[in-house]
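Take a look at the structure set out below.
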Amino acid sequence: MSSEFVLETRNLVKEFKGFTAVDNVDLKVRRGHIHALIGPNGAGKTTVFNLLTKFLIPTRGQILFNDQDITSLKSAAIARMGIIRSFQISAVFPHMTALENVRVALQRFEGSSFHFWKSEKSLNKLNDKAYALLESVGLQEFANTVTVELSYGRKRALELATTLAMEPELVLLDEPTQGMGHEDVDRVVELIRKAAEGRTILMVEHNLSVVSKLCDRITVLTRGAVLTEGNYQEVSQNPVVKEAYMGSEATTLEGAH
Amino acid sequence: MMTPISENTATKRYVENALRSERRHFKIYAVLLLLALVAPFVVYPVFLMKILCFALFAVAFNLLLGYVGLLSFGHAAFLATGGYTTGYLLSTYSGFSTELAILLATAASTLLGLLFGVLAIRRQGIYFAMITLALAQLVFFFYLQSPFTGGEDGMHGIPRGALLGFIDLQNNLMMYYFVLAVFVFGFGLVRRIVHSPYGQILKAIKENEPRATSLGYNVDQYKLVAFVVSAGLAGLAGSVKTIVFQLASLNDAHWHMSGEVVLMTLLGGVGTLLGPVIGAAFVVSLEHQLAQSALGNWVNVILGIIFIVCVLTFRAGIVGEFQKFFKKNFR
């Protein structure tokens, strides 16, 4: 628990048939930080992400969580250790109500998830806690709404509530503001800030204004390899980053998207 | 809780909604059960028993397709295993207890389900369907070649025996009520599973499997349990069917049967509890009517056309469409 870095990768490599998507990535995510992984399209951000959450198997290298090697563990196993991810497309259970969505997550701690002989009424004791989580992301009015009927931004908020229900130590967010309008983006930024209290967050994000507002540390990837790392100031001043992002050194890295 | 009245109202409303829909369902079940109890005095009991056996088979299949989203194309293997095991036990050992034969047959299908499940569950979609089909074909050829099944002739004259040693099952009415009891048990079990804490996880897996995984659920294990239960219930249906007709035939093991149960389930309404029951009743009745008419040879063609019409126009199936209509107009 006391280790300085929650998550660490060593020489992480992923090759797809003669193409190296992730090339010797060493990543260190400090406890309590909001850490961003940025880079131009095709830089391998999502691949790194999928490696970390075991949706892909690394070709070489090591992944450590609290100094423990988790390279060979499965997705569900690392989720139980406290690493919870989000997805690019909002990950909700569409034909369940918002309340039920959160309850599915809470249910894992009950140890009743294989109990097929019990009534689902036994889950009602989780309702208050689920509701409190919905309230924390501003969805209290929609507790009984079937999720398909929620707007995109609200689905993402619901996803976050579900993630928080797992009381994760490390949250991995895959482009949390992708495809959102301004208002939704601001709301999600606030939600992430709130969620980060007492937790560590690693996020892939395109929107640099979001990164500048939220993140303590930024790793820039290009062509599968780490280009540089630092805080927003350092990274945005770095000429190599500007070139990789803008194609030329001339423009300053603006916080726009 | 210090805060909001709203907290109480939202969760209270949730609990109330669930209760209301449960009550409505139980009213429907009560009416149907009442009809089923008086039906043998109006309709030929053997025909009704056929419907109940297939309905149980379809209900078992729907647990997988409707509530886990797994399309098994090998369920005939479980139906047949239930049937042949029962037939073998009852005709080989004279005086073998009927209820024990049913239990053992169900256990045999459950075990076979475990074997199928372990091999197939890691795959999804069409691959899952194909693996179950391939395994079921192996089982078909096993039954075709094995001496004890009578090959293409099947097993005939299987004694029905007496239930618990004193309820004579030769009496069609007794037999009918026994089959009805078995069906109610199977239906009740599936209903319980669907509306259980475990059922919620199944629903989550069906809705968004990667997300369920990322919440820490080992989805393969959950699917496997459902697969095994479904196989066991299909075996139970096969076993009872064999006792009703005193006959176990290769038809039950044929892939046609796996297809027919898909048809029954889709036609009735996949993912609804009563859908497969209505679907089975519809298909069995239709086959029965056609077999007696001049169109006897056209059964498959007519079923095929009905299937196409169903998929094109009322995709949710009979019960599914009815539910939609009800939701739109009465709530």
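Residues in the range A:151-180 that are buried (at least 20 other Cβ atoms within 10 Å of the Cβ) and part of a loop (DSSP other than H, G, I, E, B) were compared, and the one that is farthest from the other protein chains (Cβ to nearest Cβ) is A:Thr177. Take the conditions (1) assigned to a helix (DSSP H, G or I); (2) surrounded by fewer than 24 Cβ atoms within 10 Å (Cβ to Cβ); B:Ala294 misses just one of them, which is (1).
B:Ala105 meets each of the listed conditions (1) within 14 Å of chain A (Cβ to nearest Cβ); (2) in contact with a helix residue (DSSP H, G or I) (Cβ under 9 Å, 6 or more places away or on another chain); (3) of a type in the set (Gly, Ala, Ser) apart from (1). Taking the range B:207-229 as the range and being more than 9 Å from every other protein chain (Cβ to nearest Cβ) and either polar (S, T, N, Q) or within 21 Å of the chain's Cα centre (by Cα) (or both) as the test, the residues that pass are B:Lys223, B:Leu224, B:Phe227, B:Val228. Within the range B:249-286, the residues that satisfy the criterion of being closer than 28 Å to B:Tyr88 by Cα and over 18 Å from the mean Cα position of the chain (by Cα) are B:Ser249, B:Leu250. The residue of the range A:134-150 that is farthest from the other protein chains (Cβ to nearest Cβ), among those that are touching a residue at least 12 places away in the same chain (Cβ under 8 Å), over 23 Å from B:Thr213 (Cα atoms) and assigned to a helix (DSSP H, G or I), is A:Ser136. Within the range A:8-21, the set of residues being farther than 14 Å from A:Lys54 by Cα and not acidic (Asp, Glu) comprises A:Arg10, A:Asn11, A:Phe16, A:Lys17, A:Gly18, A:Phe19, A:Thr20, A:Ala21. Among the residues of the range A:212-237, the one identified as part of a strand (DSSP E or B) and of a type in the set (Lys, Arg) is A:Arg217. Would you confirm whether any residue within the range A:180-191 is over 18 Å from A:Pro94 (Cβ atoms) and small (Gly, Ala, Ser)? Within the range A:180-191, one or more residues are over 18 Å from A:Pro94 (Cβ atoms) and small (Gly, Ala, Ser). Considering every residue within the range B:120-134, establish whether at least one is farther than 28 Å from A:His95 by Cβ, at pLDDT 90 or above and away from chain A (no Cβ under 14 Å). So far as the range B:120-134 goes, yes, one or more of its residues are farther than 28 Å from A:His95 by Cβ, at pLDDT 90 or above and away from chain A (no Cβ under 14 Å). Taking the criterion of being facing chain B (nearest Cβ under 7 Å) and part of a helix (DSSP H, G or I), the only residue of the range A:80-90 that qualifies is A:Arg80.
Applying the criterion of being among the charged types (D, E, K, R) and in a loop (DSSP other than H, G, I, E, B) to the residues of the range A:48-75, the residue that is farthest from the other protein chains (Cβ to nearest Cβ) is A:Asp67.
Collect the residues in the range B:174-202 that are part of a helix (DSSP H, G or I), at the interface with another protein chain (Cβ under 7 Å from one of its Cβ atoms) and buried (at least 22 other Cβ atoms within 10 Å of the Cβ), keeping them in residue-number order.
B:Pro197, B:Tyr198, B:Gly199, B:Ile201 - these are the residues of the range B:174-202 that are part of a helix (DSSP H, G or I), at the interface with another protein chain (Cβ under 7 Å from one of its Cβ atoms) and buried (at least 22 other Cβ atoms within 10 Å of the Cβ).
Only a single item in (1) out of contact with any Lys or Arg (no Cβ under 6 Å at 6 or more places or on another chain); (2) within 14 Å of chain B (Cβ to nearest Cβ); (3) of a type outside the set (Lys, Arg) is not met by A:Asp184, and it is number (2). The helices (runs of 4 or more DSSP H) found entirely in the range B:2-115 that carry 1 or more residues being on the phi < 0 side of the Ramachandran plot, without any contact (Cβ under 8 Å) to a residue 60 or more places away in the chain and of a type in the set (A, V, I, L, M, F, W, C) are B:5-38, B:75-92.
Yes or no, residue by residue, for (1) assigned to a loop (DSSP other than H, G, I, E, B); (2) more than 9 Å from chain B (Cβ to nearest Cβ):
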residue: A:Thr46; (1), (2): no, yes
residue: A:Val92; (1), (2): yes, no
residue: A:Glu100; (1), (2): no, no
residue: A:Phe116; (1), (2): yes, no
residue: A:Lys125; (1), (2): no, yes
residue: A:Ala132; (1), (2): no, no
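Within the range B:69-105, the only residue that satisfies the criterion of being over 13 Å from B:Ile243 (Cα atoms), crowded, with 18+ Cβ neighbours inside 10 Å and of a type in the set (Val, Ile, Thr) is B:Thr81. Tell me whether the range B:44-61 contains one or more residues that are out of contact with any Lys or Arg (no Cβ under 8 Å at 6 or more places or on another chain), over 16 Å from B:Ala237 (Cβ atoms) and among the hydroxyl-bearing types (Ser, Thr, Tyr). Looking for residues that are out of contact with any Lys or Arg (no Cβ under 8 Å at 6 or more places or on another chain), over 16 Å from B:Ala237 (Cβ atoms) and among the hydroxyl-bearing types (Ser, Thr, Tyr), one finds at least one in the range B:44-61, hence yes.
Would you confirm, using the coordinates I've provided, whether B:Gly232 is within 14 Å of chain A (Cβ to nearest Cβ) and either assigned to a helix (DSSP H, G or I) or of a type in the set (S, T, N, Q) (or both)?
So B:Gly232 fits the description; yes.
Does A:Phe109 satisfy the condition of being of a type in the set (A, V, I, L, M, F, W, C), surrounded by fewer than 21 Cβ atoms within 10 Å (Cβ to Cβ) and facing chain B (nearest Cβ under 9 Å)?
No, not satisfied.
The values are calculated or read from the model by the stated rules, or taken from the named source; none is laboratory data. Just so you know, these numbers come straight off a predicted model, no measurement behind them. Ideal geometry is used to build each Cβ from the backbone, glycine not excepted, and the neighbour counts take in all protein chains shown.
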